[in-house]
Amino acid sequence: MGGRTDAEKPGADTPAIEIRGLRKSFGGRPVLRGVDLVVPRGKTVVVLGLSGSGKSTLLKHIIGLLKPDEGQILVDGRDIARATADEIEDLRWRFGMVFQNAALLQSLTVAENVALPLVERFRQSRGPIRLKRLDSSEREGSAIDRRRWRQEIAARVSEKLALVGLAGSENKMPSELSGGMRKRAGLARAIVHDPDILLYDEPTTGLDPIICRHVDDLIIRMRERLGVSSVVISHDVEGAVRTADVMALLHEGVIVGQGPPEEFTKSPDPVVRQFLEGRSEGPIKVL
Amino acid sequence: MGILEDTGRFLYGLVESAGRGTILFLQALAQCRYFPRNLDKFLGQVFVCGVSAIPVVAITATFTGMVIAAQTGTELKKYGLADLTIGPIVGASMCREMGPVLTAICVAGFVGGGMASVIATMRVNEEIDALEVMSINPVRFLVMPRLTAMMIALPLLTVFADFVGILGGALVAQFQVGVTYFVFFDYLKWALALRDIAFGLVKAWTFAVIITMVACEQGMSASGGAEGVGRATMRSVVYSFLLILVANYLLFSLVYRTIFTKVWS
């Protein structure tokens, strides 16, 4: 499944994700103008930016949904931009992604949504599917038994739903859930196959402050309990300070400032300062 | 100038959709190797494509058979030809032309439009992006089961439409034209060739591919929220109608008049 021998596996000092000189234009309009960003293994990087600054475009490049015009996106040292379709499918198995609107399949129950990645993987592949245990730092811990896969997947789904605080919601339809519950169900689906890397697209947008705080706590818990590397796209400065190991600001297609929260929040850069303070006057033109 | 521009844009969109639909069809065929492991999705789609369309197809086909019998029967009766010809005319019209085309038109509107709107909604809600992120091929998950289900359901619906259309024609022949069931079906059996039914099924398979591919292609390429979903649904229905009519003529000219009449003579 992994497609790599032990000798080829990345070392602990290899970044989980490294983006070099990423450029992308749509219809001649440049959106990303040379993004450089490093996501260290087991750390959470929060990319801040105004709406329309290219944050979601950056995330779609990391997961291979978009191809860059120029630049490299190295995931565990492998360039996803130049990978074949099979390699991309293999690399994506290392990711989990929480979408802005959760993107749950409306025709499936919560449990079916969460189980979907595993069920489909079982249906389409004949080899064993190995998953690490929640309480283990070993990546390849347990293999799902092919004879009892339905029961094992159901148990896993319940475990993940309990982890995000949605125990007992297995049989609900997505339309019966509140915004915060949908986001948490989306997170349960993203972690059901124990990914190495989690991507969050504006995880707290549109939620009330208490649910925002709860989602932030979940992001921290995912890093601490599962040891995942995370990229969070957001414009919530308060949440970013709480959850990030590294904060970065994407403005006009480039990263204009990055660093640990304590350094980043003291940055003298006028663009960073205006964003952090939420002022309408300054180098960032609102209109 | 505006009308010419609009017509040009419409034709460009139609050809572009047909081209993208052809690529999607080839991709869906390549995914058919996973068919046995996706039987549940296939069976669900057979219900959507076939069973749910039965009432609409039944009503359309019955009244079409009835109107063919009424129109031709009353005219031919004047010349004393009704007994001899009404059965064969209704049978050949239904099996070769009206059954496949009207069933396809009904299914394109009733099922194809629904299919396009479901997939378009999934596209604009990022559900298809989510499938890709989960390493689930959207063509395998969404398109292949719909294509295989439609290729089974539409020919069966067409045979059903032929049957109820002929029955409708027989009813009108008996009670309005004065041709008994016995005479109607006796001449029908004598005149109706197996090649007419087979040609109808070839048409149904072709239309099944057109309806599914146009609907899935329009759904997959939708953008722009609720408006985009509406646009994809409308285009899916209109493009399907037009491509069905064009394919119907081409199939008659290129397939029936060459292969069927020569091989099956």
*Exclusive hit being among the aliphatic types (A, V, I, L, M), surrounded by fewer than 18 Cβ atoms within 10 Å (Cβ to Cβ) and closer than 22 Å to A:M97 by Cα, set A:I219, A:I211*: A:I211
*Please work out if A:G64 is surrounded by 21 or more Cβ atoms within 10 Å (Cβ to Cβ), within 13 Å of chain B (Cβ to nearest Cβ) and either touching a Lys or Arg at 6+ places or on another chain (Cβ under 7 Å) or acidic (D, E) (or both).*
yes
*Kindly state which helices (runs of 4 or more DSSP H) lie completely within segment A:49-128 and contain at least 2 residues that are more than 19 Å from A:I153 (Cβ to Cβ), at pLDDT 85 or above and polar (S, T, N, Q).*
A:55-62
*Subset of segment A:20-50 [within 23 Å of A:E277 (Cα to Cα) and over 18 Å from the mean Cα position of the chain (by Cα)]*: A:L50
*Out of segment A:149-199, which residues are of a type in the set (D, E, K, R) and part of a helix (DSSP H, G or I)?*
A:R150, A:E152, A:R156, A:E159, A:K160, A:E176, A:R182, A:K183, A:R184, A:R189
*So which residues in segment B:71-122 are of a type in the set (V, I, T) and over 24 Å from the mean Cα position of the chain (by Cα)?*
B:T72, B:T74, B:T85, B:I86
*If B:V179 passes every condition in (1) part of a helix (DSSP H, G or I); (2) among the β-branched types (V, I, T); (3) in contact (Cβ under 8 Å) with a residue 60 or more places away in the chain but one, which one does it miss?*
(1)
*Residue satisfying condition, being touching a Gly at 6+ places or on another chain (Cβ under 9 Å) and either more than 14 Å from chain B (Cβ to nearest Cβ) or not aliphatic (A, V, I, L, M) (or both), within set A:R20, A:R78, A:R29*: A:R20
_Considering only residues that are within 14 Å of chain A (Cβ to nearest Cβ), assigned to a helix (DSSP H, G or I) and in contact with a helix residue (DSSP H, G or I) (Cβ under 7 Å, 6 or more places away or on another chain), which ones fall in segment B:130-158?_
B:L131, B:E132, B:V133, B:P138, B:V139, B:R140, B:F141, B:L142, B:M144, B:P145, B:R146
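Here's the yes/no breakdown for (1) under 21 Å from the mean Cα position of the chain (by Cα); (2) modelled with pLDDT of 90 or more:
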site	(1), (2)
B:V143	yes, yes
B:L154	yes, yes
B:A161	yes, yes
B:F175	no, yes
B:W190	no, no
B:A193	no, no
B:C216	yes, yes
_Quick check on my filter: what residues within segment A:170-186 are small (G, A, S), out of contact with any strand residue (DSSP E or B) (no Cβ under 6 Å at 6 or more places or on another chain) and modelled with pLDDT of 90 or more?_
A:S175, A:A185
_Going through A:A103, A:A115, A:A81 one at a time, which residue ends up being of a type outside the set (D, E, K, R) and within 15 Å of the chain's Cα centre (by Cα)?_
A:A103
*asked:* Please go through segment A:242-287 and give me each residue that is without any contact (Cβ under 8 Å) to a residue 24 or more places away in the chain and aromatic (F, W, Y), ordered by number.
replied: A:F264
*State all residues of segment B:242-265 that are in contact (Cβ under 8 Å) with a residue 12 or more places away in the chain and either outside any helix (DSSP H, G or I) or in contact with a helix residue (DSSP H, G or I) (Cβ under 6 Å, 6 or more places away or on another chain) (or both); if no residue qualifies, say none.*
B:L243, B:I244, B:A247, B:N248, B:L251, B:Y256, B:F260, B:W264
*Give me the pairs, please: first residue somewhere in segment A:65-91 and farther than 15 Å from A:D36 by Cβ and in contact (Cβ under 8 Å) with a residue 24 or more places away in the chain, second residue anywhere and surrounded by fewer than 19 Cβ atoms within 10 Å (Cβ to Cβ) and of a type in the set (V, I, T), beta-carbon distance under 9 Å, and either six or more positions apart or on two chains.*
A:D76/A:T14; A:G77/A:T14
*Considering segment B:137-181 alone, what residues qualify as being in contact with a Ser or Thr (Cβ under 8 Å, 6 or more places away or on another chain) and basic (K, R)?*
B:R146
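The values are calculated or read from the model by the stated rules, or taken from the named source; none is laboratory data. Remember, predicted model here, so these are calculated numbers, not experimental data. Heads up, the Cβs are rebuilt from the backbone with ideal geometry, glycines too, and the neighbour counts pull from every protein chain shown.
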